[in-house]
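**Q** Mind having a look at this structure? Questions to follow.
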Amino acid sequence: MMTRRTFSGLVSGGTLLAQAPAQAVELDWHDARKLTVEGLGFKDLASPYDRLPARAEGVVRDAVWNLSRDSSGVLVRFMANTTAIHARWTLRSKTLAAATMTAAGQSGLDLYARNGAGKWQWLGIGRATKFPENVDALASGIPAGDREYMVYLPLRNGVLSLEIGVPARSRIDKGPQRSGPKPIVFYGTSITHGISASRPGMTHVAILGRQMNREVINLGFSGNGKMEPEVTKFVAELDASVYVLDCLPNMTAKDINERAEACVKQLRTARPSTPILLVEDRNYADNFLNASRRERNETNHEAMRAVYAKLMREKVGGLHYLRAEELLGDDGEATIDGSHPTDLGFMRQAAAFTRALKGL
């Protein structure tokens, strides 16, 4: 569905700045659902950009269900010959930012375009300045010509609707269909969810997708990635090229001993041949002086390595392992609070996951 509306201002600091009528831009608005939407593993959704199906409500814990309504990892791809790209989106939550999250990351949009070398390159953001509806120019002054674009949706807010606006009579079509491998599926914690990336395209999950040119499904649930069978049931429904289990930051050694083996076997029963990458708890950046955090890391790693060794002895196939020291580095510069990555931390994690996944 397309609608037409004149856009006569630029959003700056939450204020709509008036422009002279001669500068007004007549826009055609396109429902993003009519373009190529990725990062959604299910079709039976309560809201267009939810990450778990409507039938998960009442099956998974309420906290997981509520977090699944955030649009982390969801993106829209399209081809256009436009000279400008605008967006209009409606948010679920009035909380636009948090103590360790920018409004751009939590509730905003992130625009990429393929450059002349065919690589994805950042182009602009959509600023979330109010609730519920925001309208912003993501990019302007684009040289005429056909290009592929990609817009990431907010990390820690839900999106009820999204429209892409282009100057009237510009051509816009779905992004080219991907061929080849199935999506990579991540099941994890707030780090997988994207806390505290500065913008939606800077999570390791998003970076990985761009670098490997693959669809990636983000099932990170902040504070609630716990390898629970009720959640794993839905993960297993997704026909993935590989499952990445990165739940240890939300688990203790006791949790790992109780649930990790069962989680792997639940996936393996449903998907006998799909590779599974087990990821250790990232090392807290301050654990060189913080004894309790160091103990948490060490006991988690010991428990997960023991589970992995047991599964290997039982000849559970297709298992792979990523150690903590490969994720964030050891200089202490990769987190915002000792736990959640900065953009630097996400870049380092993306490199580690790319190395691990390319071999699969």
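Any read-out appearing in this document is the output of simple, stated calculations on the displayed coordinates, not a laboratory observation. What you see is a predicted model, and the numbers here were worked out from it, not measured in a lab. Every residue, glycine as well, gets a Cβ built from its backbone with ideal geometry; the counts of neighbours run over all protein chains shown.
**Q** Would you mind computing, in nm to one decimal, how far apart the modelled labels at Glu237 and Gln211 are, each placed 7 Å from Cα along Cα→Cβ?
**A** For Glu237 paired with Gln211, the spin-label model returns 3.2 nm.
**Q** At what distance in nm do the modelled label points of Thr3 and Ala98 sit from each other, each positioned 7 Å from its Cα along Cα→Cβ?
**A** Output for this residue pair reads 3.1 nm.
**Q** What is the gain in length, in nm to one decimal, between Lys358 and Thr299 on full extension, counting 0.36 nm per residue of separation less the C-alpha to C-alpha distance? Could the numbers behind the result be given before it?
**A** Numbers: separation 59, 0.36 × 59 = 21.24 nm, distance 2.89 nm.
Stretched out fully, the Lys358 to Thr299 stretch lengthens by 18.4 nm.
**Q** Determine which lysines satisfy two conditions relative to Lys94: a Cα distance under 25 Å, and not lying fewer than 8 residues away in the same chain.
**A** Lys130
**Q** Then there is this: Run down the aspartates and glutamates and flag those whose C-alpha is under 13 Å from the C-alpha of Lys174, throwing out any fewer than 8 positions away in its chain.
**A** Reachable aspartates and glutamates: Asp31, Glu38, Asp146, Glu148.
**Q** While we're here: With springs only between Cα atoms under 10 Å apart, run a GNM on the chain and tell me which of Ser93, Ser222, Ser198 wobbles the most.
**A** Most flexible of the set in this elastic network: Ser93.
**Q** If you fit an axis through the alpha-carbon atoms of helix 343-358 and take the longest principal axis of the Cα set of the chain, what angle between them do you get, 0 to 90°, nearest 10?
**A** That helix lies at roughly 60 degrees to the long axis.
**Q** Provide the percentage of antiparallel DSSP beta bridges, counting only those with both residues in the range 184-358; round to the nearest 5.
**A** Of those bridges, close to 5 percent are antiparallel.
**Q** Right, next: Within straight cross-link reach of Lys34, meaning Cα distance under 14 Å, which aspartates and glutamates are found once same-chain residues fewer than 8 apart are removed?
**A** Leaving aside aspartates and glutamates fewer than 8 places away in the same chain, those within reach of Lys34 are Glu163, Asp173.
**Q** Right, here's the next one. Taking the Cα centre of the range 184-358 as origin, work out the dipole magnitude from +1 charges on Lys and Arg Cβ and -1 charges on Asp and Glu Cβ, in debye rounded to 20.
**A** Dipole of the range 184-358, to the nearest 20 debye: 560 debye.
**Q** Now a separate question. Determine, from the Cβ-Cβ distance of Asp146 and Glu26 and an R0 of 25 Å, the FRET efficiency 1/(1 + (r/R0)^6), rounded to the nearest 0.05.
**A** Using R0 = 25 Å, I get an efficiency of 0.75.
**Q** Additional query: When the Karplus curve 6.51 cos²θ - 1.76 cosθ + 1.60 is applied with θ = phi - 60°, which whole-Hz ³J(HN,Hα) does each residue of the range 114-124 get, with x for Gly and Pro?
**A** Values, residue by residue: 6, 8, x, 8, x, 9, 6, 9, 4, 10, x Hz.
**Q** Also, I was wondering about something else. So which of Lys226/Lys265; Lys43/Lys226; Lys233/Lys358; Lys182/Lys358; Lys254/Lys310 end up more than 18 Å apart by C-alpha?
**A** Working: Lys226/Lys265 15 Å; Lys43/Lys226 24 Å; Lys233/Lys358 26 Å; Lys182/Lys358 14 Å; Lys254/Lys310 16 Å.
Beyond 18 Å: Lys43/Lys226; Lys233/Lys358.
**Q** Using only Cα atoms, find the angle between the long axis of helix 291-313 and the longest principal axis of the chain, and express it within 0 to 90 degrees, rounded to the nearest 10.
**A** Once rounded, one gets 70 degrees.
**Q** Need the full-extension length gain, Ala54 to Ala291, defined as separation in residues times 0.36 nm minus the C-alpha distance. One decimal, nm.
**A** Value of the extension gain: 81.1 nm.
**Q** Any idea what the dipole of the chain comes to, in debye rounded to 20, about its Cα centre with Lys/Arg Cβ at +1 and Asp/Glu Cβ at -1?
**A** 800
**Q** Which one, Pro143, Met251, Ala350, is farthest towards the positive end of the dipole of the chain when Lys and Arg carry +1 and Asp and Glu -1 on their Cβ?
**A** Pro143
**Q** Along the charge dipole of the range 184-358, which of Leu311, Leu327, Ile207 sits closest to the positive end, that is, farthest toward it, with unit charges on the beta carbon of Lys, Arg, Asp and Glu (+1, +1, -1, -1)?
**A** My answer, from the dipole projection, is Leu311.
**Q** Right, another one. Rounded to the nearest 500, what is the 222 nm mean residue ellipticity of the chain from helices alone, with -39500 (n - 2.57) per DSSP H run of 4+ residues and division by all residues?
**A** Value at 222 nm, helices only, nearest 500: -7500 deg cm²/dmol.
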